[in-house]
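Heads up: the structure comes next, in structure tokens.
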Amino acid sequence: VQLQASGGGLVQAGGSLRLSCKASGRTFSNNGMGWFRQAPGKEREFVAAISRSGVITYYGDSVKGRFTISRDNAKNTVYLQMNSLKPEDTAVYYCAARIRYSARYDPGDYDYWGQGTLVTVSS
């Protein structure tokens, strides 16, 4: 599976961004998908995950109520809608795919990773 993340950029605090991650190389609809982020000097952090059907979603505590993960299996794409952004959301955001269909929050459960897209939130 190849994953291409896009949509990052510079935004002011309180603003919104939508990240996209397009998958290719195998049947996307069978994969659980996730978003993670890594800020400079920090460990990779779980952001959100979604099952193959899109019915089950999980969120990290720091983004609950502000971020929404979704997917369009017809377009082989998973999205991360980010609202009410804060400076502490600044990080490189990575999408990841699992061979299995369920959603997971542990990065060790993911088999494929995209290259990352930078999100910078100014105060």
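So here's what we get for this one:
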read-out: Of the criteria (1) under 11 Å from the mean Cα position of the chain (by Cα); (2) surrounded by 21 or more Cβ atoms within 10 Å (Cβ to Cβ), which one Leu85 fails; value: (1)
read-out: Some residue of the stretch 45-53 being in contact with a Ser or Thr (Cβ under 8 Å, 6 or more places away or on another chain) and within 23 Å of Val11 (Cα to Cα); value: yes
read-out: Filtered residue count, the stretch 57-82, keeping only those that are among the basic types (Lys, Arg), in a loop (DSSP other than H, G, I, E, B) and open to solvent by 40 Å² or more (accessible area, probe 1.4 Å); value: 1
read-out: Top-ranked residue of the stretch 21-47 - restricted to ones that are open to solvent by 30 Å² or more (accessible area, probe 1.4 Å), in a strand (DSSP E or B) and out of contact with any helix residue (DSSP H, G or I) (no Cβ under 8 Å at 6 or more places or on another chain), ranked as nearest to Ser123 (Cα to Cα); value: Gln38
read-out: Test result for Leu10, surrounded by fewer than 17 Cβ atoms within 10 Å (Cβ to Cβ), at pLDDT 95 or above, not in a loop (DSSP other than H, G, I, E, B) and not basic (Lys, Arg); value: yes
read-out: Near pairs, Cβ below 6 angstrom, 6+ apart or cross-chain, from the stretch 71-88 (at negative phi) to any residue that is in a loop (DSSP other than H, G, I, E, B) and open to solvent by less than 50 Å² (accessible area, probe 1.4 Å); value: Arg71/Gly54; Asn83/Arg66; Leu85/Gly15
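The values are calculated or read from the model by the stated rules, or taken from the named source; none is laboratory data. Small disclaimer: the values here were computed from a predicted structure and weren't measured. Counting neighbours? That spans all protein chains shown, and the Cβs are built from the backbone with ideal geometry, glycine included. Side chains are part of the model used for accessible areas, which takes the heavy atoms of the whole protein and leaves out ligands, DNA and RNA. Shrake-Rupley method; radii C 1.70, N 1.55, O 1.52, S 1.80 Å.
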